[in-house]
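The values are calculated or read from the model by the stated rules, or taken from the named source; none is laboratory data. This structure is a prediction, so every number in the text was calculated from the model and none was measured. Cβ sites come from the backbone with ideal geometry, for glycine too, and all protein chains shown count toward neighbours.
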């Protein structure tokens, strides 16, 4: 093959990159391109998300990727338009024989790639795609009967049984950089404003970006992975890896992460075992979305679409804005609203609260997260929300309803996380802060925080809401 084009999407790095590796080996000249896809960006702008941390995160990563290619004597071609059109047009301009890209199994991406493949084929070119964002995908892990798994534990067991060092092996792209095109048509990278977006607080939050940022976070997490199992549930503690956005946009390699986890597991690390399970959950939800694309808009279990959800706009607004009167829920919502991140334990707590305390459709919460999470991934976000709402595969039973007060007492015992995001509760002690409305009036006055004035009173009574939820969910048991 004379020339090839590598289309970067959710894989914004040069190292251990499947499509880039295969292109470098197959062609004598390899061009690299990224498209700021208007099909995605215009939808964000239509929703009023002109200041979007994800777009800025990608923008930083693209600048770094362009510099990395320039340092190797090549260039990154950057376009702003509809990706399905731009890639086909660019392939013709460069007269490449084929376009190489990595798989993306989201419904929009599948439709887009089918369109690109057809257009390329009509011009005598091909689209080659490769697995890169997961360890196992599509039909690689099936039941003994040859069907997709819908329960996590047997999927995990089969996943681990199938795993060999081969599947975590890196693609050594560095060995083949000599075939990177030296005379690529170079486009300047449009500024955020040219894309229609404004800067956010991403830099002020000191969120590491690009492949160097992903490497920095991974190196730091390597010093903590052995305690992950003991620290991951406590939002005031630095327990998570904080790599989720980097996994989402491919500024780290999932193979590199899995390989490191396996090394630590061999050394006896329980923390690494638990963390590897989180990577397996990610694969699990990806294959669920691939095999059951209806989950993007409907319940995995059809009977759960019988539920009549509350349409109370005031309750939903209170949840979105962190005004529920339950401190752990409100602090978690403040975290996502201010930073675009939410601790995993808190994602479960606030999702349970929305669906089972407020009785509001999980799809509304899912969409809110989709608008605000830096690491938003359709498969994982959908899987997490349907798990919390009990409508998904291998979800918690519908009668399991998180108590926001006991969750707070267990996972933020001293209230350190709550106080970080709700400073008005600073003067309540560790016993009072989880349910400050129970504090005597004089104590509230002494703390400088009158419940119902300086901080909201609970918008629902958890015990009453629990009974209503059990009644609401009763329809799933009816034929």
Unique match (being surrounded by fewer than 16 Cβ atoms within 10 Å (Cβ to Cβ), modelled with pLDDT of 95 or more and assigned by TED's automatic domain parsing to the domain that holds residue 332) among 441, 447: 441
Subset tally (residues that are within 21 Å of the chain's Cα centre (by Cα), farther than 18 Å from residue 232 by Cα and not in a helix (DSSP H, G or I)) for the range 322-363: 2
Criterion violated by residue 139 - all others in (1) within 23 Å of the chain's Cα centre (by Cα); (2) surrounded by 14 or more Cβ atoms within 10 Å (Cβ to Cβ); (3) more than 30 Å from residue 43 (Cα to Cα) satisfied: (2)
Meets criteria (out of contact with any strand residue (DSSP E or B) (no Cβ under 7 Å at 6 or more places or on another chain), outside the structural domain of residue 284 (by TED's automatic domain parsing), touching a residue at least 24 places away in the same chain (Cβ under 8 Å) and assigned to a helix (DSSP H, G or I)) for residue 420: yes
Candidates 170, 118, filtered to the one that is in a loop (DSSP other than H, G, I, E, B) and surrounded by fewer than 18 Cβ atoms within 10 Å (Cβ to Cβ): 170
Given (1) more than 19 Å from residue 397 (Cα to Cα); (2) touching a residue at least 24 places away in the same chain (Cβ under 8 Å), index of the condition residue 268 fails: (2)
Test: residue in the range 145-165 that is outside any loop (DSSP other than H, G, I, E, B), at pLDDT below 95 and farther than 24 Å from residue 78 by Cα: yes
Lone qualifier among 6, 35 - being under 30 Å from residue 136 (Cβ atoms) and surrounded by 24 or more Cβ atoms within 10 Å (Cβ to Cβ): 6
Subset of the range 205-223 [assigned to a loop (DSSP other than H, G, I, E, B), surrounded by fewer than 17 Cβ atoms within 10 Å (Cβ to Cβ) and at negative phi]: 205, 223
Count - residues of the range 45-79 that are farther than 18 Å from residue 212 by Cβ, surrounded by fewer than 18 Cβ atoms within 10 Å (Cβ to Cβ) and in contact with a helix residue (DSSP H, G or I) (Cβ under 7 Å, 6 or more places away or on another chain): 2
Any hit, the range 295-313, residues being surrounded by fewer than 17 Cβ atoms within 10 Å (Cβ to Cβ) and under 24 Å from residue 101 (Cβ atoms): yes
Unique residue being touching a strand residue (DSSP E or B) at 6+ places or on another chain (Cβ under 7 Å) and closer than 17 Å to residue 211 by Cα when the list is 11, 16: 11
Residue 158 vs. criteria without any contact (Cβ under 8 Å) to a residue 40 or more places away in the chain, crowded, with 17+ Cβ neighbours inside 10 Å and under 30 Å from residue 301 (Cα atoms): yes
Unmet criterion (only one of (1) farther than 28 Å from residue 7 by Cα; (2) touching a helix residue (DSSP H, G or I) at 6+ places or on another chain (Cβ under 6 Å); (3) assigned to a loop (DSSP other than H, G, I, E, B)) for residue 202: (1)
Qualifying residues in the range 421-431 (those that are in contact with a helix residue (DSSP H, G or I) (Cβ under 7 Å, 6 or more places away or on another chain) and surrounded by 15 or more Cβ atoms within 10 Å (Cβ to Cβ)) - the one farthest from residue 350 (Cα to Cα): 428
Subset of the range 367-406 [over 12 Å from the mean Cα position of the chain (by Cα), over 22 Å from residue 241 (Cβ atoms) and assigned to a helix (DSSP H, G or I)]: 367, 368, 386, 389, 404, 405, 406
